[in-house]
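Note sheet for the following structure.
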Amino acid sequence: MKKTIVSAVFGVVVCCLLIGSSGCTSVDEELLGADGDVLIPLGVDGGGEFPLGPRADGLPGEPVADVAFDSVAFLYDSFQIADSERGKIEAIADYMNRNHDVTVYIDGHCDERGSREYNLSLSEHRALAIRAYLISLGVAGNRVLTRSFGEEQPLDLGHRESAWRQNRRGEFELYR
Amino acid sequence: MKRFPILCASILALLLAGGRGASGSDIVIVGEGGSGKVTISLKGMCPGGGAAERLFYDVLERDLTRSGWFNVVDRTAATVLVEGSCTQSGGRLSAVCDVKNGATGGRYLSRVFTETPTASRQLAHMVADAIVEAVKKVPGIASSKIVLVGSKSGKKDLFVCGADGADMVQLTRDGTPCLSPTWSPRADNLFYTSFHRGFPDVYQVQLATGQRSRVASYPGINAGADASPDGKLLALALSKDGNPELYVLQLRSKKLTRLTKTKFAAEASPSWSPDGRQIAFVSDSTGSPQVYVISSGGGKAQRITFRGNENVSPDWGPDGRIAYSSRRQGRYQICVYDPNTRGDTSVTEEPVDHESPSWAPDGRHIVYTRTQGYRSDVYVLDTSGDAEVRLTQFQGDWYSPSWAPR
């Protein structure tokens, strides 16, 4: 009897997972929010810290207008770079390794949920995770700057998972 | 600590003063708010006939009720009797105030308070705080100030208002977002994060002069600044060394000490303990943001939150308890952690979001952001059980409040 109840509950949970955000938002959110007990080291050699170079007020040159790169997406409360997003960063690394006069700003962003202060730190951590990956791909650290906004600059002003997914991102702005 | 110098612009105060429901002066509240309250009567306080005097009386009554310590009742039912007068003469508004115990005849307070005739509300706040302090021996909050972020203009600017939400004054017009304002221990300066120059930097505003200076602009983020109780240090989150970590900055020498070293985690939201020996903060080193406590000199951090899948925005209160926001069943609730018992209590339960708590100087009330239907307003709750009170009544979103110390 007990077993039946357990498997019934399990069934409901699985159903909720399959239905996703439409029917059972809270379960979906809980799972997303609780991710990351295992932290994946940044970069290829087990990660590490790459101190940021000195910051000059003003932009490092003129915006590069002839290329654009896709934003990197993140899971809720996570700064880990998903395998699906690595190609986007590799494309930038490839471009920057061929164009040595280009500097990139990585702008980290969060969705609107949660503490604004924590979100500012989290968005910066996202930008720095992308930066660490770029560095591991051979781009010099002094060509990769971060500029994070927390939840202050959403792309999509909606209040659903579809909007939140758009807003959890690292954007690239290239200057020459 | 010094009383907060009445913030600029009594003109602005006037604009807003009348707006907030000066209800009829004969309201008698009996037996509300549970036990532990002292009954008090203002019937022996005769306000003169003018508008300034009547406003004084109404605000005083409301302040005493809001303090949470009193039930304002009729004279015959009261333990504490307030007698005296409020009159305007010679360009001054004066309140003569004699506060006695009706049963024993013992005197709590006998004092004359004066203000300019346009400052009825401030005068009432002064008297209310003096009564609370004389009768209950705890700091009053009526005269205290609250800083918050408001998006009234579509931008996210800093505002300062009174503890009752009145006298709202706009402080910044940066055109870029302002974040997480906090007070200096003497409540004469504010610290906040602004994107004023394109990056999240920490700024200090001297309230008396309105002068603003940038106090932290390291590469990366500069955020969450909180001044130490002696006012000499600033705890903050910086990412200059490669990821967001906790640091302490000496304001005068600009010497920087790093407190945390978590390669794979982000830190945020420091808050000093009242004795300045410890700092509560947020770290996501376990995969979700949780509240930790660390010695202000550095060392090993100790996690203090274990319930709720996110625990953020700690604020260390004047009596040693830490308020924070805890995500439970998909909603943020305000919780209070007691370091003595290591227990935590949830002080909100409605299924809406309650975030960024900040203790009042009385260690009893908490101001916070309440978000329902994606609209945010600032509310005050009473940890001793009185109903929550909404402070912001304007268009736009209002959030990240911080209650000034006094």
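Look through A:Leu174, A:Leu134 and report the one residue that is part of a helix (DSSP H, G or I), buried (at least 17 other Cβ atoms within 10 Å of the Cβ) and either modelled with pLDDT of 95 or more or not aliphatic (A, V, I, L, M) (or both). None of the other options fit; the residue is A:Leu134.
Can B:Gly373 be described as in the same structural domain as B:Val291 (by TED's automatic domain parsing) and more than 25 Å from B:Gly162 (Cβ to Cβ)? Spell out how you get there, then give the answer.
Values: in the same structural domain as B:Val291 (by TED's automatic domain parsing): yes; more than 25 Å from B:Gly162 (Cβ to Cβ): yes.
So B:Gly373 passes the test.
Among the candidates A:Ile106, A:Ile89, the residue that is part of a helix (DSSP H, G or I), surrounded by 22 or more Cβ atoms within 10 Å (Cβ to Cβ) and β-branched (Val, Ile, Thr) is uniquely A:Ile89.
Using the structure shown, decide if A:Arg113 is in contact with an Asp or Glu (Cβ under 7 Å, 6 or more places away or on another chain), in contact (Cβ under 8 Å) with a residue 12 or more places away in the chain and either under 17 Å from B:Pro200 (Cβ atoms) or within 14 Å of chain B (Cβ to nearest Cβ) (or both). I'd like the intermediate steps shown before the answer.
Working: in contact with an Asp or Glu (Cβ under 7 Å, 6 or more places away or on another chain): no; in contact (Cβ under 8 Å) with a residue 12 or more places away in the chain: yes; either under 17 Å from B:Pro200 (Cβ atoms) or within 14 Å of chain B (Cβ to nearest Cβ) (or both): yes.
Answer is no for this residue.
Selection of segment B:272-317 for residues being within 11 Å of another protein chain (Cβ to nearest Cβ), under 21 Å from B:Pro229 (Cα atoms) and among the polar types (S, T, N, Q) yields only B:Ser313.
Does B:Asn340 satisfy the criteria of being touching a Gly at 6+ places or on another chain (Cβ under 8 Å), within 14 Å of another protein chain (Cβ to nearest Cβ), farther than 18 Å from B:Gly276 by Cβ and surrounded by fewer than 24 Cβ atoms within 10 Å (Cβ to Cβ)? Give the steps one after another, and end with the answer.
Working: touching a Gly at 6+ places or on another chain (Cβ under 8 Å): yes; within 14 Å of another protein chain (Cβ to nearest Cβ): no; farther than 18 Å from B:Gly276 by Cβ: yes; surrounded by fewer than 24 Cβ atoms within 10 Å (Cβ to Cβ): yes.
So B:Asn340 fails the test.
Just checking, does segment B:183-199 include any residue being of a type in the set (S, T, N, Q), assigned by TED's automatic domain parsing to the domain that holds B:Lys300, over 18 Å from A:Glu124 (Cβ atoms) and free of Cβ contacts under 8 Å to residues at least 60 places away in the same chain? It would help to see each step written out before you state the result.
The initial filter retains those residues of segment B:183-199 that are of a type in the set (S, T, N, Q), namely B:184, B:189, B:193-194.
In the following step, the residues that additionally are assigned by TED's automatic domain parsing to the domain that holds B:Lys300 were identified as B:184, B:189, B:193-194.
Pick out the ones that are also over 18 Å from A:Glu124 (Cβ atoms) and you get B:184, B:189.
Adding the requirement that they be free of Cβ contacts under 8 Å to residues at least 60 places away in the same chain leaves B:184, B:189.
Checked segment B:183-199: at least one residue is of a type in the set (S, T, N, Q), assigned by TED's automatic domain parsing to the domain that holds B:Lys300, over 18 Å from A:Glu124 (Cβ atoms) and free of Cβ contacts under 8 Å to residues at least 60 places away in the same chain.
The numbered conditions (1) in contact with a helix residue (DSSP H, G or I) (Cβ under 8 Å, 6 or more places away or on another chain); (2) within 14 Å of chain A (Cβ to nearest Cβ) are all true for B:Pro177 except (1).
Only one residue in B:Lys263, B:Lys240 is buried (at least 19 other Cβ atoms within 10 Å of the Cβ), free of Cβ contacts under 8 Å to residues at least 40 places away in the same chain and farther than 22 Å from B:Pro185 by Cα. Which one?
Numbers: B:Lys263 fails: buried (at least 19 other Cβ atoms within 10 Å of the Cβ).
After ruling out the rest, the residue left standing is B:Lys240.
Criterion applied to B:Pro270, B:Pro318 was being within 27 Å of the chain's Cα centre (by Cα), assigned by TED's automatic domain parsing to the domain that holds B:Ala227, modelled with pLDDT of 95 or more and not in a loop (DSSP other than H, G, I, E, B), and the one residue passing it is B:Pro270. Here B:Ala124, B:Ala119, B:Ala208 are screened, and the one residue that is on the phi < 0 side of the Ramachandran plot and either charged (D, E, K, R) or not assigned by TED's automatic domain parsing to the domain that holds B:Gly49 (or both) is B:Ala208.
Does segment B:45-52 contain any residue that is under 27 Å from B:His365 (Cβ atoms) and at pLDDT 95 or above? No, segment B:45-52 has no match at all. In segment B:50-66, the count of residues that are touching a helix residue (DSSP H, G or I) at 6+ places or on another chain (Cβ under 8 Å), part of a strand (DSSP E or B) and within 24 Å of B:Leu391 (Cβ to Cβ) is zero.
Filtered by the rule that a residue be assigned to a loop (DSSP other than H, G, I, E, B) and under 15 Å from B:Lys156 (Cα atoms), segment B:181-196 gives B:Phe195, B:His196.
Being closer than 30 Å to B:Val149 by Cα, aliphatic (A, V, I, L, M) and modelled with pLDDT of 50 or more holds for only one residue in A:Ile106, A:Ile81, A:Ile89, and it is A:Ile106. Considered as a group, the residues in segment A:42-76 that are at the interface with another protein chain (Cβ under 7 Å from one of its Cβ atoms) and surrounded by fewer than 14 Cβ atoms within 10 Å (Cβ to Cβ) include one that is modelled with the lowest pLDDT, and that residue is A:Asp57.
In segment A:142-160 there is no residue matching the filter, namely being among the hydroxyl-bearing types (Ser, Thr, Tyr) and more than 10 Å from chain B (Cβ to nearest Cβ). Every condition in (1) over 28 Å from B:Val282 (Cβ atoms); (2) touching a residue at least 40 places away in the same chain (Cβ under 8 Å) is met by A:Asp77 except one, and the failing one is (1). On the basis of being within 26 Å of B:Asn222 (Cβ to Cβ) and under 25 Å from the mean Cα position of the chain (by Cα), does B:Ile279 make the cut? Yes, satisfied. Considering the conditions (1) at pLDDT below 95; (2) part of a helix (DSSP H, G or I); (3) buried (at least 24 other Cβ atoms within 10 Å of the Cβ), A:Gly114 is excluded by exactly one of them, (2). Of all the residues in segment B:250-267, those that are within 29 Å of the chain's Cα centre (by Cα), part of a loop (DSSP other than H, G, I, E, B) and on the phi < 0 side of the Ramachandran plot number 5.
The values are calculated or read from the model by the stated rules, or taken from the named source; none is laboratory data. Remember, it's a predicted structure, so these values are computed and weren't measured experimentally. Ideal geometry is used to build each Cβ from the backbone, glycine not excepted, and the neighbour counts take in all protein chains shown.
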